[in-house]
Structures are given as structure tokens and as C-alpha cells.
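Shown next, in C-alpha cells, is the structure this report addresses.
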Amino acid sequence: MAKILAVDDSASMRQMVAFTLKGAGYDVVEATDGAEALEAAKNGQVDLVLTDINMPNMDGIALIKELRALPNYKFTPILTLTTESGSDKKIEGKSAGATGWIVKPFSPDQLLATIKKVLG
Amino acid sequence: MTVDMSQFYQTFLEESFEGLDTMESCLLNLDVGDADIEAVNTIFRAAHSIKGGAATFGFDEVAEFTHVVETLLDQIRSGERPVEQNLVDYFLQSVDCLRTMLHAVQSEAPVMTDDVRALMQALEAALGGEHVATVESSTSDAQTTNSDGSGGQWSIQFSPHATLMKTGNDPVRILRELSSLGDMTAMLDVTSLPVLSEIDPEVCYLKWTIDLNTDAAEADIAEVFEWVSDDCDLQINSSMVQQSSEQSTAPVSHEKKITPDAEAPENGLDIVSLETSFKLLQPQANELAKRFYETLFLRYPQVKELFKNTSIEQQQGKLIAALQTVMQQIREPEKLADTVFALGQRHQNYGAEKDHYALVGETLIYVMADMAGEHWTSKIEQAWRQALSMIAEIMLSAYSTKTPVASDKVTDAKPSGAAPAPAKPSVTSDKNTASTAPKMASGESGSIRVSTDKIDGLINMVGELVITQSMLGQLGEDMDMSKIEKLRDGLAQLERNTRELQESVMQIRMLPISFAFQRFPRMVRDLQTKLGKQIELKLSGEQTELDKTVMEKIGDPLVHLVRNSVDHGIELPAERVKAGKPEKGVVHLDAYHQGGNIVIEINDDGAGLNKERILEKARSQGVVGADEELTDERIYDLIFQPGFSTAAEVSDVSGRGVGMDVVKRNIRELGGSIEVSSQPGVGSSFKIRLPLTLAILDGQLVRVGNETYIIPLVSIIESLQVKNENVNAIAGQAELYKLREEYIPIMRLYEVFDVDPDSEDLTKGLLVVVEGDGQRAGVFVDDLLGQQQVVIKSLETNFKRIEGISGATILGDGTVALILDVGGIVKVSQNTKGRPKRSKSAVDKSKKDLDEKLLEISDGANKAA
Amino acid sequence: MNEVAQQQIDNEHELNAASDADVDQYLTFILADEEYGVDILRVQEIRGWDTATPIPNTPDYIRGVINLRGTIVPIIDLRQRFSLDVVEYGATTVVVVLRVVSESGDRIMGIVVDAVSDVYNVASADVKAPPDFGSAVSIDFVKGLVTVNDKMVIILEIDRMMNSDELATLAAMSR
């Protein structure tokens, strides 16, 4: 099953995302900020990255740029988790190299539907 | 897939409270006019997370409120708006407001109060009346469905830019998604494809013309291309309009299904079968429960251990209650899941393991089938199997979300509120049902966050321990004298491993004291406004770590002391100027490690304690004799007496009915001590000394006759051999020992504890000079044994508190040794002054009382006989 | 809500009705030639006598505390508790470890008895209220008497016995 890297500084969001994805049979790697996520991504190839934008240490935008610079993450789907108020964040994430976005708040069902769409 | 969101509430609340604390401390440090951008970012991030979580978990009011706060913060962050004092005040109020709201969420009380609304309006006004888009409640539906009936035949021109694939998007995925909307024919245009040798695999050269026959709306189609709208040229044309307006591209419904239909039950449970069979068995519930446990223990004796702390009658009551709760809530899956989840958490505490659920399920089905007899059908059995496995699954899911670290779990594991009368299980089941309801932990949380580093460290150490163990194991297999050296090395290694492991485990519970300090900036800020004083609060040593439990318990005493310093210590600005001091007073909180203790100091540069008034009051209360002379130290110490307050008037700030005596008692309960020193006009200083952890102490083993006692090493000043010329007997009763320039009372431990010593001759034993509560005493013992770290066990768990003893521990040979409560012992010795045999005679008296009582009983029996 | 309450009341009836027919098991032991019984479900284990660490300033009948797999358990000499003659502990002397229910929760305590005797099934209907005589034990501590094989067995009320006087928890004492 596909392996997903879930990045969010909020423990509850991370728990919710991880629980939902694991429940659907995905392998989930969790990270609390961009720096930790980058480390995790380097340590083992993941099939999809799901990242919050606003995080301490390294934010989501910087993470996306760093990931895209890695040869084995050039085409890996990266989805950002953004709030509806941050429409410019969608674009910012996109231009940094994100594949797409999921708008917060989202339900577990919406999350899974989007993930399935991307991973096929 | 149904995900029970309530399981994340606790985490959400915990992190939100933490976020609010962070916001508060950053706000307090924010310089108006010249705000640190990083601080603003941190504040924004905290608000942002709270909003996101609140919206996700359905706390709409919280999300709505935070949204306004966040919008304001965002404007500051982006530089649109300067940091102004009134904004900072608003934000601080918002922090308080959000705390209240989250507490309301926690206790399921109404969240949106008038206060909240008023503050929200004020914030909106601050936003300049500009419209704040309210957060879409619950989930935002991007997939709008076609309601205006424009479904039909679509022709789509999709020409990806060369860069489309660079963002991880894949035209194939988009086509696949499109095809899921209806009948699709895609025509590939390869005209831009270069010759093979020139192809760059990272570039997209292809274009498509797509015919799509679908009931979906144009928006749905456009949404497929949403992520790539900037990375392609896209044309969507309706080629034929169909009239079928009632389309049915299943809209994704995000509403929670609360009441499942009985015919098509949620989770695929056969509720009808469950209910019918349960009704059938309900009259025999008692018998069912009884037989269940009999069968369970008969079949699986290994589970009996789990029930060792509880009575089977109680368990039977609990089982019935649990079954009833399940059946009552079976049509409300959300609620049921909460209940079962909570039950799972408790079961984890009892030590139930995954495998046990299957055993329990099998047994229950077996017993039910047996009792239902011919009414038991395979359909019913199937329904129960399904239900039980679902329940087990939910219960087990509760396991993973809890960190089984905190020691308070141990007490949780004990069945609480046990009803003494076994004939009334309804009482038990009643309580049981009540406590099964999903409860969000209030106040002190039982969980602790542990960094992965600490866990990794532990795992490594356990690894080493295993290696040492196997090494020793091999050594033991064919042992001879030549290997004695190796054995010694191995044992040394084992000792080191054990010690390291112990330290690391203790380390898990250690948190920086900043957790306890962080509330003070705000508190002092509020107080100084209220009192018209100017105060600077200095914090230092915030990174000093101490045990979580100690931290939780020291919070209130600290608040009391700081409040006291601000209220009674620091003078009003005018007075300060008159006394030649700066207008602004300083309250300094400092924490540091000293020996095995953590020391917390609260210093102020205020007026100092009023010695005369304290003495006067003590004399009027009769605590101190009219012509008794006291050292300054003793006078200051009087403020810790019960009912002692010298504040001329009870102020709103400090006069809350809790005195310094309570502060002192709380600290003593933690095994710590508090001292006060003061200088008139210069200030006061309180020094709190606390053990780093409650679970372990460094002990000195001492021997009196055949008994071994442990004296906490921290309270020992020195140990010495008694010189007869230094012993002074007062009135032939109390004994004092002249230690350099000081006289300390001698306490013969064998006398206090009523045991047979080796010798009653002071010169034949040793005097251990201890200090507790600022008082010294010499404890006379026969001998000093070794020093060692001991794990503190409570006497109260199964017995009760004993004066002069703080607990017990288990020594290496498995026997129990008592730990002396030095403060208590010193007190005993003080009381003994002039009445040296008091404690002993008290025992004699209680013994006599009892003997008399028992005599009466046997007298009565004799008479009757 | 009413339904729930009603259901519970119903249950209570059933349970009461059922418990009348119940047969309880009692572990019996010997103390000064008399046979005493305690509810077997309360018995945690039976172990040989081993020295206990004395607790200062407690009555003599509290022999001290022992280490029972890491928890500190107080040990009560039942002869002394009942003011019977004190005898030397012998080969049959055992400690019966009991779970005692008290106001502040369950407690584990041990009692020293002369010897364990037997396990009996006793129908609760056969337990007679204790007459106000004939036993060295305070009537408060006796749940009832029962005759088994022509012998009288005194069924003890352990919760009351182990939560009174000096054994009372602080919580109970402060009340």
C-alpha cells in the first residue's frame, strides 16, 4: 500500500489525518514540521506528501521547494492543506511545486476521496 | 469510512490550550510599535491552528471567533496594521475568551456566550467594520452539484503546458478522474511530440480533445482541472444540452449520520437481531453474567489475573451495565463509539490485551447461545459476532491513542467507587454507566508528551540491558571460579544499565518549569493594573526540569506566593520613591537545581515582612509567650502558622482564605520545604526546595536494633559520634546536644518507634543530624548502613498515614523498610521537649483504650456464655 | 431516562431474587479452635508466615507490613485483634491475604490465622443471624453463623472488621 507523509504542527490534525489514512490501509509517516518532514522523506521514499503550510522551523512552502529539489521527489504528488482564507497560499504552494491542495476544514471522507484521486 | 472525530478532541483541546499559553506569553513580550515579526508569526500560527482544528472537529463557534482574531493577526503579520496597545489588549482578552470557550467545549457547556459575542463585535469593529467572512461550518463542499440542469455532452480541449508534470500532476490522473464522471472519449494529439532522441521525460508534449457525456455540471468538470488551471490551456464547451435536470452524481454527503435506519443499519449491524435476542436474554441477565464469568475462567484461566483487584459480583454488574449501555445506544453509533472507546481506555488500564477480546466474545456468544436455547439462530449469532468484533475494534483503537506512561494510571486501574454490598449491583452498574460516558479529561491531564528522542534513548538502553542479561545468562550456564572476574564486570554493567534506564524513565516525566512559570507574566500584569503598582517580573531558570506531578502540585502555592509578593511585598510607586527606591518594583522567580533538589525562589524588593506586627499578632494569639524572645528566623517562620495573616485588611488579591500554612502544607506533602527571609525595606525572599521526583529518593539506611529505616539523604546534615560532654539534659528529661554553637534536641529513635535498640548508651551509637522544616534534631540510631536510591511506596494504599513516616520501600532482599518523614519526626522531638515520653505514652494510651474496648467485648461474650 | 431507571430497578429485583438462591463459597480457617469463614471471592492468596516490618505507634495486633509483589500490605494478627491468647506461630500458621472494601477504595490486607481449614458451599439462606453470644468476636464483625457437617462456622464481616479502630483509613476517620 502506498506510503504517505503527513506533515502538520497540530497534533490533533495529524492524528486525524493519520488515523483516517491508516484506516484506509495506507502507511503513514508523520512529521511535525517541514524540517522533520524533509528528514523523513530523505530516509524513506514516500508516495505522497500531505503538508500543512503554516508551521514553525520550516513551513510547507519551503518544504515543497526542498522536496522538489530532490531527484526522487521530482514528481511525487504533494498536496497542501490550506484554509479557505488562504487562497493565495494555494497559488504560493502551487508555484513552489505542489500538486494540489485540500481545503481545511475537510472531513475524513473528503481527505480519502482526494488521496484516492491522486494515487489512483 | 466512518471516523469518530471525538477521539481527537482531547488532543485538540490540549494543543489548543498550549497554543493559547504560547499566544499569551508572546503577546506579553510584544513591544508595541516595534513588534518582533517572529513573535507575531508564532501568535498567528497558534491562532491559525486553533481555528483549523476547531473547524475540522466541528467546534464552529470557536472557529468563528478565532477566525476574526486570525484575520486581525494576519493584517499585522503582513504589515497592513501596526501593533497597538489596544490590539494587544484585545488579543489578550481573546486568549482568555478562547480558554473559556474551550473549557465550555470540554464540559459540553454552551460555548457562545454574550461575553464572547461582545468581544467578537469589538474585534470586528477593530477590523474597521470590514466584512469578515465567517468560516464555513463543518466542511466546505467544493463539489457543488448540478442543480440548474445544464448536464449533457461536453467537448473539452486540454493542452497541458510543458511544465505541468513538474508539480507532480499527471495528465493520466486527470483523464482517469474525468472518465469517472461519465462516458468519455479522449483523442490524443501528438503533433508536438519531438523525435525520440530529443524527448525530455520531464516535459509534457501531449494534448487531448475529450468528448464527455455526463450529468455532472460544468463546475464539476472544471474542478477536475482545478489544480492544473495555471498549467494548461483549457476549454470546456457544452456541445449539446440535455434536459435531464434531475441528475444524480452522488453528492458526497459530509453530514454525520446520527440515526441509522433500522432496515439499513449503520455499520452493517443487524440491529433487529441484536435487540430481539437481547430482549430474550434480559430477564436472565444476572444468570447470564454469572455464567459468563464462570465459563470464561473455566475456559481461559489466564484471564483470571485481570480480575484480581475486583470482585466478581461487581464485574457481573458491570457486564450487565455494559451490555445494556451498548443496546441502548446501538441506534446511535456516534455515541456508542464514544462509550465503547472510553470503555476501551479503561480496559487498557486494567491490563486487558488484544487477545482477550476474542476470548470474551467467544465466551459471551457461547453462554448466550446456551441460555437462549432454541431461540438462538445462526442469524443472531452472526449479528452478535459482528457487533462484538466491532466493539472490540473500537476498544482496541482506544489503546493506541493513549501513552501509557504516567503513573497516575496505576491508581486509575483500581476499581473506584466500589459498592460494598454485593447484593446491590445496580449501584455499581449505575456508576459504571455514568462513567462510561465519554468524558474529556478536565484539569490535570493524564497524558504526557514525550519526545521521540527520549523514547529512542530508552529503547537503546533496553537493548543494552538485554545484551547484558544474555551475557550474564551465558556466564551462569557453566560457572566456575575462573569466571568470577567476568561475573563482577557483568554485574557492574547490569547496575549501570539499570541506573541509566531508571534515570531515563524518570526523565520522561520531567518537564521544564516554564510550564509553571508561564502564567505569571499575565497574572502580574493584571495585578499591577488593579493595584496601581509598577512591577517588573523577572523569570530565570525556566528550563530547569522537574517531575510532572510535582509541577502540577506546585502551581497553586506558587501563585499564592507571587500574589503575596505583588500585593503585600511591593509598595505603591509613591512609597517606593519616598524610600529612595525606583518606582518599579521587581519580583524575581528563579529556579535551579541544587543537589537532588529543585529550588524555586520568589524574591521581591518590597517592604519586607513586618517583624513587630508578626510578633504582636503571634503573642495576641498565644502562639508565642509574652516574654519569649525569638530569633528573626523564627519570627518570620510564624507566617506559616495556621490562621496567620498580618495584612491589615484582607485584600481582593491575596485575601482568598488560603493562608501560608496551606502553602507550606502543600509543599511538605510534596516532600519539600519552604523558608522565608526578609529585610525591612529591602525585600523578602521565599525559597522552596522540592524533590525532583516523587517516586524515588536518595536514602541513608540506618539501623535500630533489628529494624532498618531510611532517612532521606537531602535532610541529613551530618552524622557524628556522641561525646558525652556535649549532652545536656534539661530538667533530667529532654536531652540537647551541643553541636558547635547550637543546641539541638536528641531524639532516640528506638524510643519514638518503640523498638529494642542495641544500646541505649548514646556513645555506643550514632547521631544523625537532620533538618526538617527549618528545625534541626539529632536522631539517635545504632548504626548507619549503606546509602541507596529507593523507590517510594505508599503506606496509604493499603493502610494509612503514620505520623513520622512518609512511606516505605522494598529493599534488595525483598523486605520492607520504612522511610522517615524528617519534618514530622523533628516535630515529634520538639513536642517531646519537657514531655519526652509523650509519643510513647500516647501509644500506651491508645493501646489501653483498645484493650478496654476488647475487654468489654469479651466480657459481654463471657456473660452471655 | 425513565426507562433506564426502571430497567435498573427491575434488575435489582431480579438480582435480589436470584441472590436468595445463590450459593456462596467460603474459605474457612481455624482460630483458637473455632472455625471462621470469609467470602472466597475476597481471598487473594494464602501464604506462609514470614516476618513483617513493624509499624511504629500502632496497636500490637498490627504485625507490620510485608512486600507483596511490590505493594506494601499490612498484616493483622487476628488472635490479637480478637483479644485471644497469643500463641507462637507454628507450621500451620498462615497469612490469608484479603481484599477489603473501604470508603476510600479497595485495600489489600493480610490476616494471620492458626491454619486454613476448608472451602464450603453455603446457601445464603442457611446463614443464620448471629445470636448475641458465644463468640470471642464482636458481633459487629460477624455476618452470620452457619452449620456445616455439624460444626459451627462463624462467617466474618471482613469489611467492617478491617476498617474499624486503628485500621480505619484517614478518610473514614476524619468524618
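The values are calculated or read from the model by the stated rules, or taken from the named source; none is laboratory data. Fair warning: this is a prediction, and the values are worked out from it, not measured in the lab. Heads up, the Cβs are rebuilt from the backbone with ideal geometry, glycines too, and the neighbour counts pull from every protein chain shown. The protein model used for the area step is the full one, side chains on, heavy atoms only, and it has no ligands, DNA or RNA in it. Shrake-Rupley method; radii C 1.70, N 1.55, O 1.52, S 1.80 Å.
For B:ALA39, the requirement of being of a type in the set (Gly, Ala, Ser), farther than 17 Å from B:THR100 by Cβ and in contact with a strand residue (DSSP E or B) (Cβ under 8 Å, 6 or more places away or on another chain) is not met.
Table: residues versus (1) crowded, with 16+ Cβ neighbours inside 10 Å; (2) under 30 Å from B:ILE688 (Cβ atoms).
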{"residue": "B:VAL462", "(1), (2)": "no, no"}
{"residue": "B:LEU475", "(1), (2)": "yes, no"}
{"residue": "B:MET479", "(1), (2)": "no, no"}
{"residue": "B:GLU485", "(1), (2)": "no, no"}
{"residue": "B:PHE515", "(1), (2)": "yes, yes"}
{"residue": "B:LEU531", "(1), (2)": "yes, yes"}
{"residue": "B:LEU537", "(1), (2)": "yes, yes"}
{"residue": "B:ASN564", "(1), (2)": "yes, yes"}
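Only one of the listed residues (B:ARG776, B:ARG740, B:ARG748) is on the phi > 0 side of the Ramachandran plot and more than 10 Å from every other protein chain (Cβ to nearest Cβ). That residue is B:ARG740. The number of residues in region B:781-809 that are at the interface with chain C (Cβ under 9 Å from one of its Cβ atoms), under 28 Å from B:GLY765 (Cα atoms) and among the small types (Gly, Ala, Ser) comes to 3. Inside region B:659-687, residues that are among the small types (Gly, Ala, Ser) and in a strand (DSSP E or B) make up a count of 6. If you check B:ALA125 against the conditions, is it more than 25 Å from B:ASP526 (Cα to Cα) and of a type outside the set (D, E, K, R)? No. Take the conditions (1) in contact with a strand residue (DSSP E or B) (Cβ under 6 Å, 6 or more places away or on another chain); (2) more than 22 Å from A:PHE106 (Cβ to Cβ); B:GLY52 misses just one of them, which is (2).
Yes/no per residue for (1) more than 9 Å from chain B (Cβ to nearest Cβ); (2) in a loop (DSSP other than H, G, I, E, B); (3) among the β-branched types (Val, Ile, Thr); (4) more than 15 Å from the chain's Cα centre (by Cα):
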residue	(1), (2), (3), (4)
C:LEU41	no, no, no, no
C:ILE66	no, no, yes, yes
C:VAL87	yes, yes, yes, yes
C:VAL100	no, no, yes, no
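The conditions are (1) at pLDDT 90 or above; (2) under 24 Å from A:LYS89 (Cα atoms), and A:ASN57 fails exactly one of them. Which is it? That leaves (1) as the condition not met. Here the condition is being touching a Ser or Thr at 6+ places or on another chain (Cβ under 9 Å), under 30 Å from A:PRO105 (Cα atoms) and modelled with pLDDT under 80; of B:GLU266, B:GLU218, B:GLU223, it holds for B:GLU266 alone. Considering only residues in region A:91-114 that are assigned to a helix (DSSP H, G or I) and within 22 Å of A:LEU70 (Cα to Cα), the one that is farthest from the other protein chains (Cβ to nearest Cβ) turns out to be A:GLU92. Restricting region B:365-415 to residues that are crowded, with 16+ Cβ neighbours inside 10 Å and among the β-branched types (Val, Ile, Thr) leaves a set whose member that is modelled with the lowest pLDDT is B:VAL405. Report yes if some residue within region B:438-459 is at pLDDT 85 or above and out of contact with any Leu (no Cβ under 9 Å at 6 or more places or on another chain); otherwise report no. Checked against the condition, which is being at pLDDT 85 or above and out of contact with any Leu (no Cβ under 9 Å at 6 or more places or on another chain), region B:438-459 yields at least one hit. With (1) open to solvent by less than 20 Å² (accessible area, probe 1.4 Å); (2) closer than 30 Å to B:ASN706 by Cα; (3) within 8 Å of chain B (Cβ to nearest Cβ) as the list, and C:ILE75 as the residue in question, which single condition is left unmet? Only one criterion in (1) open to solvent by less than 20 Å² (accessible area, probe 1.4 Å); (2) closer than 30 Å to B:ASN706 by Cα; (3) within 8 Å of chain B (Cβ to nearest Cβ) is unmet by C:ILE75, namely (3).
Where strands (runs of 3 or more DSSP E) sit wholly within region A:1-67, those with at least 2 residues that are within 12 Å of another protein chain (Cβ to nearest Cβ) occupy A:27-31, A:48-52. Screening B:GLN85 on (1) closer than 18 Å to B:ARG525 by Cβ; (2) open to solvent by less than 50 Å² (accessible area, probe 1.4 Å); (3) among the polar types (S, T, N, Q) shows it passes everything except condition (2). Screening B:LEU296 against (1) modelled with pLDDT under 80; (2) surrounded by fewer than 18 Cβ atoms within 10 Å (Cβ to Cβ) leaves a single unmet condition, (2). Of the helices (runs of 4 or more DSSP H) entirely within region B:1-118, those holding at least 3 residues that are more than 8 Å from chain A (Cβ to nearest Cβ) and under 25 Å from the mean Cα position of the chain (by Cα) occupy B:9-29, B:37-56, B:85-106.
When region B:688-706 is limited to residues that are within 26 Å of the chain's Cα centre (by Cα) and assigned to a loop (DSSP other than H, G, I, E, B), the one that is surrounded by the fewest Cβ atoms within 10 Å (Cβ to Cβ) turns out to be B:ALA695. Yes or no: B:ASP215 open to solvent by less than 70 Å² (accessible area, probe 1.4 Å), over 53 Å from the mean Cα position of the chain (by Cα) and either among the acidic types (Asp, Glu) or within 14 Å of another protein chain (Cβ to nearest Cβ) (or both)? Yes: the conditions hold for B:ASP215.
Of the strands (runs of 3 or more DSSP E) lying entirely inside region B:500-567, those containing at least 1 residues that are within 22 Å of B:PRO582 (Cβ to Cβ) span B:535-540.
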